[in-house]
Amino acid sequence: MLINVFKSKIHRVKVTQAELNYVGSITIDEDLLEAAGIRENEKVQIVNNNNGERLETYAIKGRRGSGVICLNGAAARKAQPGDIVIIISYAWMTPEEAEKHQPVVIFPDENNRIVK
């Protein structure tokens with residue numbers, strides 16, 4: 001049996017753009033993706049702290065060091081620039097793997113940069 005377990009999250013980043021006329025997804029600064037262990041095209045859940053919206057989409061790489069968090073396509077209707085969101089990834093694991101798993105949590109600064 002496999003269970004779906006919280007793998008990682010980028011906690012409280014600011015949406016920098018919302019592009020309605022784009023083919024779906026969320027664009028995330030590559031530095032943030034790497035730090036959270038989220039791969040390009042991986043399914044992610046977005047939780048909007050400003051309006052309570054939740055959605056699932058897939059991640060695409062944004063320019064490294066740019067701080068970009070851009071909701072694209074229909075997802076652009078769920079947030080606007082300035083909203084604070086949490087980006088969560090999950091992984092399928094056996095219960096034994098899940099018992100040992102330690103999720104990665106990234107806490108970026110107010111400019112969506114990794115705090116060192």
Notebook entry, point to check: Applying the selection to segment 1-25, what residues are in a strand (DSSP E or B), touching a Leu at 6+ places or on another chain (Cβ under 9 Å) and over 15 Å from residue 90 (Cβ atoms)?
Noted result: 13, 17, 18, 19, 25
Checklist line | Top-ranked residue of segment 2-31 - restricted to ones that are surrounded by 15 or more Cβ atoms within 10 Å (Cβ to Cβ) and small (Gly, Ala, Ser), ranked as nearest to residue 86 (Cα to Cα) | finding: 8
Next item on the list: Could you tell me whether any residue of segment 93-116 is on the phi > 0 side of the Ramachandran plot and either surrounded by fewer than 18 Cβ atoms within 10 Å (Cβ to Cβ) or touching a Pro at 6+ places or on another chain (Cβ under 8 Å) (or both)?
Entry: no
Notebook entry, point to check: Does residue 91 satisfy the criteria of being within 28 Å of residue 2 (Cβ to Cβ) and touching a residue at least 60 places away in the same chain (Cβ under 8 Å)?
Noted result: yes
Next item on the list: Please name all residue pairs, on different chains or six or more residues apart, with Cβ atoms under 9 Å, provided the first residue is in segment 103-116 and is farther than 13 Å from residue 6 by Cβ and the second residue is part of a loop (DSSP other than H, G, I, E, B) and aromatic (Phe, Trp, Tyr).
Entry: 114/107; 115/107
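What are the residues in segment 37-80 that are in contact (Cβ under 8 Å) with a residue 60 or more places away in the chain and either assigned to a strand (DSSP E or B) or closer than 12 Å to residue 13 by Cβ (or both), if any? Write out each step before concluding.
Let us first name the residues in segment 37-80 that are in contact (Cβ under 8 Å) with a residue 60 or more places away in the chain, namely 37, 79-80.
Within segment 37-80, 79 is the sole residue that qualifies.
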Check: Any idea which of (1) exposed (fewer than 14 other Cβ atoms within 10 Å of the Cβ); (2) without any contact (Cβ under 8 Å) to a residue 24 or more places away in the chain is the one residue 34 doesn't satisfy?
Finding: (1)
Note to self: Which of the numbered conditions does residue 74 fail, given that it passes all the others? Conditions: (1) touching a strand residue (DSSP E or B) at 6+ places or on another chain (Cβ under 7 Å); (2) closer than 18 Å to residue 18 by Cβ.
What the structure shows: (1)
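Quick one: how many residues across segment 22-46 are closer than 19 Å to residue 113 by Cβ and of a type in the set (Gly, Ala, Ser)? First the steps, then the outcome.
From segment 22-46, those closer than 19 Å to residue 113 by Cβ are 26-38; that's our starting set.
From what is left, the residues that are of a type in the set (Gly, Ala, Ser) are 35-37.
Selection size over segment 22-46: 3.
No value in this document is a laboratory result; all are computed from the given coordinates. Everything quoted here is computed from the prediction, not taken from an experiment. Methodologically, a virtual Cβ is constructed for each residue, glycine included, from the backbone with ideal geometry; neighbour enumeration extends over all protein chains shown.
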